[in-house]
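**Student:** First the structure, which I've put down as structure tokens, then a few questions once you've had a look.
The values are calculated or read from the model by the stated rules, or taken from the named source; none is laboratory data. None of these values were measured; they are calculated from a predicted model. Please note: Cβ atoms are built from the backbone with ideal geometry, for glycine as well, and neighbour counts cover all protein chains shown.
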């Protein structure tokens, strides 16, 4: 039986980190390859894995902060130069309409006719079949941005990627009983703006209700990485799940 496999391509933030590029996850089932986010550095990671860009079927963009979408245009350019002759499917929140006009009709008009792109606007709760994979979305709580989290299911297994979010009921419901929860942990405990990101203690509270088998922390600022042991200890306080700090090129088999 073909299993689902995920590779963490980028586990960092917008802060420069020599070991971590920006947000991106490759999900594949042997027949289909999709990307969840495509921040700066993701194409480099795909090259390190010797992935043929032309085999990528779909790109799901959680939101249009630059660290989640910066490598989309380089991907288009690479596909054009490599003779890609299939349609690339994009799934993103409604902001994609304005964003697409800016990049393909103003900034980089020459790319518009070089590659076939089909865009689907993601509702807050959307179910998208991609071959044997099913992607389910929910909104997140990330300031004023319209942002999506993704749950990917295959043969009774699932992984859930929070993207950028503060703790919120939508993601708890989306991720309930998921096998692998890939959740952001952008900053350490302490005073921070409300409704933007998640701290270790906040994540510990919601994982108790989600009940995943494994928790992988991502979107990691340098201070979180520097305090990895303490962060893992805090997140582990209210769950029996294995808790790990995500690393670029970490492979998750489901």
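Here's the yes/no breakdown for (1) in contact with a strand residue (DSSP E or B) (Cβ under 6 Å, 6 or more places away or on another chain); (2) under 18 Å from residue 24 (Cα atoms); (3) outside any helix (DSSP H, G or I); (4) at pLDDT below 95:
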{"position": "106", "(1), (2), (3), (4)": "no, no, no, yes"}
{"position": "128", "(1), (2), (3), (4)": "yes, no, yes, no"}
{"position": "151", "(1), (2), (3), (4)": "yes, yes, yes, no"}
{"position": "164", "(1), (2), (3), (4)": "yes, yes, yes, no"}
{"position": "171", "(1), (2), (3), (4)": "yes, no, no, no"}
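This table checks each residue for (1) under 26 Å from residue 3 (Cα atoms); (2) in contact (Cβ under 8 Å) with a residue 12 or more places away in the chain; (3) surrounded by 13 or more Cβ atoms within 10 Å (Cβ to Cβ); (4) out of contact with any helix residue (DSSP H, G or I) (no Cβ under 7 Å at 6 or more places or on another chain).
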position	(1), (2), (3), (4)
94	no, yes, no, yes
97	no, yes, no, yes
106	no, no, no, yes
116	no, yes, no, yes
127	yes, no, no, yes
134	yes, yes, yes, yes
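**Student:** If you don't mind, there's one more thing I want to ask. Could you run through the range 45-92 and say how many residues are over 23 Å from residue 161 (Cβ atoms) and crowded, with 21+ Cβ neighbours inside 10 Å?
**Tutor:** Of the residues in that region, 1 qualify.
**Student:** Out of the residues in the range 213-226 that are in contact (Cβ under 8 Å) with a residue 12 or more places away in the chain and out of contact with any helix residue (DSSP H, G or I) (no Cβ under 9 Å at 6 or more places or on another chain), state the one that is surrounded by the most Cβ atoms within 10 Å (Cβ to Cβ).
**Tutor:** So the residue we want is 218.
**Student:** Something else now. Which is farther than 14 Å from residue 147 by Cβ and in contact with a strand residue (DSSP E or B) (Cβ under 6 Å, 6 or more places away or on another chain), of 62, 58?
**Tutor:** 58
**Student:** In the range 155-167, is there at least one residue being out of contact with any helix residue (DSSP H, G or I) (no Cβ under 8 Å at 6 or more places or on another chain), closer than 20 Å to residue 15 by Cα and surrounded by 15 or more Cβ atoms within 10 Å (Cβ to Cβ)?
**Tutor:** no
Yes or no, residue by residue, for (1) at pLDDT 95 or above; (2) closer than 20 Å to residue 91 by Cβ:
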site	(1), (2)
10	yes, yes
15	no, no
22	yes, yes
35	yes, yes
45	yes, no
48	yes, no
60	yes, yes
66	yes, yes
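**Student:** Here's something else I'd like to know. Checking the structure you have, find out if any residue of the range 194-206 is farther than 24 Å from residue 230 by Cα and over 16 Å from the mean Cα position of the chain (by Cα).
**Tutor:** no
**Student:** So, residue 143, is that one over 20 Å from residue 235 (Cβ atoms), over 13 Å from the mean Cα position of the chain (by Cα) and touching a residue at least 24 places away in the same chain (Cβ under 8 Å) or not?
**Tutor:** yes
**Student:** Scan the range 47-79 for residues that are farther than 21 Å from residue 131 by Cα and touching a helix residue (DSSP H, G or I) at 6+ places or on another chain (Cβ under 7 Å) and jot them down. Working first, answer last.
**Tutor:** Taking the range 47-79 as the starting set, the residues that turn out to be farther than 21 Å from residue 131 by Cα are 47-50, 63-79.
64, 71, 73, 74, 75, 76, 77, 78, 79, listed by residue number.
**Student:** Residue pairs, Cβ under 6 Å, 6 or more apart or interchain, first in the range 55-84 and under 13 Å from residue 116 (Cα atoms), second assigned to a loop (DSSP other than H, G, I, E, B). List them.
**Tutor:** Pairs that qualify, where the first residue is under 13 Å from residue 116 (Cα atoms) and the partner is assigned to a loop (DSSP other than H, G, I, E, B), are 57/32; 76/115; 79/115; 80/114; 80/115.
**Student:** Continuing with this model, one more query. Suppose we filter 25, 90, 38 for residues that are over 18 Å from residue 248 (Cβ atoms) and in contact with a strand residue (DSSP E or B) (Cβ under 6 Å, 6 or more places away or on another chain); which single one remains?
**Tutor:** Numbers: 25 fails: over 18 Å from residue 248 (Cβ atoms); 38 fails: over 18 Å from residue 248 (Cβ atoms).
Going through 25, 90, 38 in turn, just one is over 18 Å from residue 248 (Cβ atoms) and in contact with a strand residue (DSSP E or B) (Cβ under 6 Å, 6 or more places away or on another chain): 90.
**Student:** Got a sec? Which of 227, 186 is modelled with pLDDT of 95 or more and within 23 Å of residue 40 (Cβ to Cβ)? So that I can check it myself, show each step before the final result.
**Tutor:** On the way: 227 fails: within 23 Å of residue 40 (Cβ to Cβ).
Going through 227, 186 in turn, the sole match is 186.
**Student:** Quickly run through the range 70-110 and pick out the residues that are under 19 Å from the mean Cα position of the chain (by Cα) and more than 18 Å from residue 33 (Cβ to Cβ).
**Tutor:** If the condition is that a residue be under 19 Å from the mean Cα position of the chain (by Cα) and more than 18 Å from residue 33 (Cβ to Cβ), then 70, 73, 93, 94, 95, 96, 99 are the ones that fit.
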